[in-house]
1. Using 0.36 nm per residue of separation minus the Cα-Cα distance, give me the extension gain between D84 and K303 in nm, one decimal.
2. Of the listed peptides 146-157, 303-314, what is their order by residue-averaged count of other C-beta atoms within 10 Å, with the highest listed first?
3. Let me check against my output: what whole-number percent is the relative contact order of the stretch 255-318, with C-alpha pairs under 8 Å and at least 6 apart?
4. Could you rank the peptides 80-89, 127-136 by their average count of other C-beta atoms within 10 Å per residue, with the highest value first?
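What follows is calculated from the coordinates using simple rules that are stated; it is not laboratory data. Since the model is a prediction, treat every value here as computed from it, not as a measurement. Here Cβ is always computed from backbone atoms with ideal geometry, including for glycine, and neighbour counts include all displayed protein chains.
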Amino acid sequence: MADYNNPESEQTEKAEFCEHCHQINLIDNEAQTPIQGQQAIAKNRLTTVRQAPGCSTSVLRGLDQQLIDEMNSIAPNSLVSFADLDVDNGPAVHPFLQAAAQESLARAIKARGRTLSVNSAYRTIAQQLMLFNHGKVRRCGIGLVAPPGRSDHQRGLAIDINDEQGWRPYLEREGWKWFGPADRPHFNYRGRSRRDIGRLAVRAFQRLWNRYNPDNPIAEDGIYGPNTEARLNQSPILGFGETNDSTPEESLVRRLSLTKPYLEGDDVREIQEALLQATITVNVDGVFGPATEKAVKEFQKLKDLTVDGIVGPATRSALGL
């Protein structure tokens with residue numbers, strides 16, 4: 001496998017795998033209220049990836065964020081957020097791409113001048129394994145799924161979208177390639193400056209596992225094999241560390257980000273007040289709009305966190321909440 005510090009190699013080109021993305025998108029972004037999903041997690045707060053409840057990978061948000069943060073800790077800006085673009089992201093979407101792909105996506109959206117509806121973007125190895133586990137037994141109606149390490153979603157080089165033919169000319173001018181009728185929503189970035197970060201994603205998990213499981217270590221070699229898969233299946237869906245010991249009430253805390261329509265409530269107001277206490281200028285109105293997202297990013301940059309504008313456990317902790 002190519003080293004994540006080297007430019008894209010032939011190995012990555014060969015790794016492309018045809019999945020049934022439309023089918024996966026429908027299930028992964030299934031309609032459920034945030035509180036319903038979080039209650040399911042709260043009741044299963046020590047549940048592992050192998051035992052993950054339901055069909056949607058949205059139950060993995062805690063572990064996913066740790067994996068993304070670990071990747072950016074090893075190799076800063078290996079994944080960058082596109083949440084601040086004119087996009088409408090599904091509930092299971094992690095709005096991250098490699099920098100070159102994010103920049104090209106921004107140009108395509110600006111050229112068309114309308115909102116891009118995204119059903120899938122970056123997919124962590126935990127998400128991929130959960131979907132792969134579904135596919136092996138045809139659970140949740142999911143069929144063909146790429147094994148972990150074989151999907152460009154894991155490299156920050158793929159998106160699944162609505163209105164693929166309307167967007168196709170704009171994306172193709174910016175280096176994106178439509179997969180074709182076999183996987184209609186799926187586009188891969190094939191432009192310049194892309195990199196193979198698949199090995200980085202694996203190493204990030206291995207390092208995270210070893211930090212919290214010193215008595216059961218695994219080689220930090222970036223190779224996805226049976227030992228790594230076994231540990232990943234044993235990993236808690238809420239993430240490692242203090243998250244595992246959180247009470248069900250704490251698990252019900254909303255993950256705040258810029259959405260359409262904007263999130264509103266006392267929890268948003270609490271974040272805004274904490275930002276002010278941290279000397280970050282923001283209007284305290286209880287509405288998580290673009291100005292609040294900008295303030296969150298400013299705070300995350302100041303605290304050397306992943307700059308994605310998303311208020312998850314790490315950002316809440318840094319805010320003293």
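1. Working: separation 219, 0.36 × 219 = 78.84 nm, distance 1.96 nm.
Gain on stretching D84 to K303: 76.9 nm.
2. Working: 146-157: 24.2, 303-314: 21.2.
So the order, starting with the most tightly packed, is 146-157, 303-314.
3. Details: 87 pairs, mean separation 21.9, N = 64.
So the answer I get is 34 percent.
4. Result, highest mean first: 127-136, 80-89.
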